[in-house]
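Peer 1: Take this structure, written in structure tokens, and hold onto it; I'll ask about it next.
Throughout, read-outs are computed from the coordinates displayed, never taken from laboratory work. Nothing here was measured: the structure is a model prediction, and the numbers come from that model. With ideal geometry, Cβ positions are generated from the backbone for all residues, glycine too; neighbour counts draw on all protein chains shown.
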Amino acid sequence: MSANERPKNLAINGIFDLPLDVHLHTLLSPDSAVPVDVYPALAIALGMPRIAITDHLDFDPREPGATLAPHQRRVEVVNELRRKFGDRLEILLGVEITYERAYEQDIRDHLQRHQYDLTIGSIHPGIDSPFKRSRAAIFAGSDANVTAPYFDEVLGAVESGLFDILGHADYVRKYVYPHIGTDRFEAAPELYEPFLQALVKTGTALEINSSGWRQRTGVCYPLPQAVARYKEIGGRYIVTGSDAHEPDWFALNFDRARALLLEHGFDELVTKRWERAGEHWPVPPTR
Ligand SMILES: [Zn+2]
Ligand SMILES: [Zn+2]
């Protein structure tokens, strides 16, 4: 795909909206077919200095993401990308781990035995979840509080302290939409408060996941009001991910993510791990 075919809301020709994208899926994920060198090439075209490849890793053995990409394969892929693009771009070996309380010990064991530059913990409604889209119609007309079990797993992910970043915090909105609309979640800040407090306590970074803006919910994950609340209670660690599963989705809607960050007083992208390494990534002022 050439630069002039890219969506209008993407910066091109060496101008990026945000300096990094920490959430990218390739053919090493069961739900993506993007060749591994596509995102590095796009990032270089934008002049973006850092990306993280974060293919899925699941611990429920029934999920394809449990076996598709062994750790060694991920390491080899990123090393190869670094050989090819490393003089123009920093590529982090990341992972998006599906967290479930039931698998916490397995995840802990895995992370003790395997090194990553960046870890995202996310909740994805699994095979047995009531929030699978195919079952979600039973929630038609319900209050958002019926999704409390989902948010309890989110809290578990943060309290585990296992992850650098909490991925797409209120992703359940995607699954129950339109049966439970955005307004219902906006009216239920009590669902968000426990995990937001836990983010601050553990130093886990909040991800502004821009994929919501391209999906039918039409709003990023988590809701902007949760980003505002995170700032209010002292949240400092924050990053941005497009959750691309297609080339066109790379860094998509990062102009909106940047505006949201600046609106709420976040002037840098930083995780606890990066801070310890002295790394801060300023959010560029709006052009
Ligand atoms: Zn995810
Ligand atoms: Zn993802």
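Peer 1: Among DSSP beta bridges whose residues both lie in the chain, state the antiparallel percentage, nearest 5.
Peer 2: Given both bridge residues lie in the chain, the antiparallel proportion sits at roughly 15 percent.
Peer 1: Here's a follow-up. Test of understanding: ordering ILE165, ILE107, ILE127 by Cβ neighbours within 10 Å, fewest first, what list do you get?
Peer 2: Numbers: ILE165 28, ILE107 21, ILE127 8.
Going from least to most buried by this count: ILE127, ILE107, ILE165.
Peer 1: Expressed as a whole number of Å, what is the distance separating the alpha-carbon centroids of the stretch 93-133 and the stretch 18-83?
Peer 2: 16
Peer 1: What ranking do 200-208, 34-42 get when scored by the average of other Cβ atoms within 10 Å per residue, highest first?
Peer 2: Top of the packing list down: 200-208, 34-42.
Peer 1: Same structure, new question: For the stretch 67-130, what are Rg and Dmax over the alpha carbons, in angstrom?
Peer 2: Values for the stretch 67-130 (Cα only, Rg and Dmax): 14.3, 47 Å.
Peer 1: Compute the separation of the alpha-carbon centres of the stretch 160-200 and the stretch 237-287 and state it in Å as a whole number.
Peer 2: The stretch 160-200 and the stretch 237-287 have Cα centres separated by 19 Å.
Peer 1: Gaussian network model of the chain, Cα springs within a sub-10 Å range: biggest mean-square fluctuation belongs to which of PRO222, PRO125, PRO19?
Peer 2: Of PRO222, PRO125, PRO19, the most mobile in the Gaussian network model is PRO125.
Peer 1: Here's another thing I want to ask about it. Could you name the aspartates and glutamates in cross-link range of LYS84, using Cα to Cα under 18 Å and dropping any fewer than eight places away on the same chain?
Peer 2: Once the sequence-local aspartates and glutamates are set aside, what remains near LYS84 is ASP37, GLU76.
Peer 1: Right, another one. Run down the lysines and flag those whose C-alpha is under 20 Å from the C-alpha of LYS174, throwing out any fewer than 8 positions away in its chain.
Peer 2: LYS132
Peer 1: Would you list, by chain and number, the lysines whose Cα falls below 23 Å from the Cα of LYS201, excluding same-chain residues fewer than 8 positions away?
Peer 2: LYS231, LYS272
Peer 1: I'd like the Karplus ³J(HN,Hα) series for the stretch 92-98: coefficients 6.51, -1.76, 1.60, θ = phi - 60°, whole numbers in Hz, and an x wherever there's a Gly or Pro.
Peer 2: With the stated coefficients, the stretch 92-98 comes to 8, 7, x, 7, 10, 9, 6 Hz.
Peer 1: If each residue's Cβ is checked for other Cβ atoms within 10 Å, how do ARG216, ARG108, ARG184 rank with the fewest at the top?
Peer 2: Ordered from fewest to most neighbouring Cβ atoms within 10 Å, ARG216, ARG108, ARG184 come out as ARG216, ARG108, ARG184.
Peer 1: Do the sum for the chain: with -39,500 (n - 2.57) for every DSSP H run of n ≥ 4, divided by all residues, what is the mean residue ellipticity at 222 nm, to the nearest 500 deg cm²/dmol?
Peer 2: Result for the chain: -9500 deg cm²/dmol, rounded to the nearest 500.
Peer 1: Give the dimensionless ratio obtained when the Cα radius of gyration of the chain is divided by 2.2 N^0.38 Å.
Peer 2: My calculation over the Cα atoms of the chain gives 0.94.
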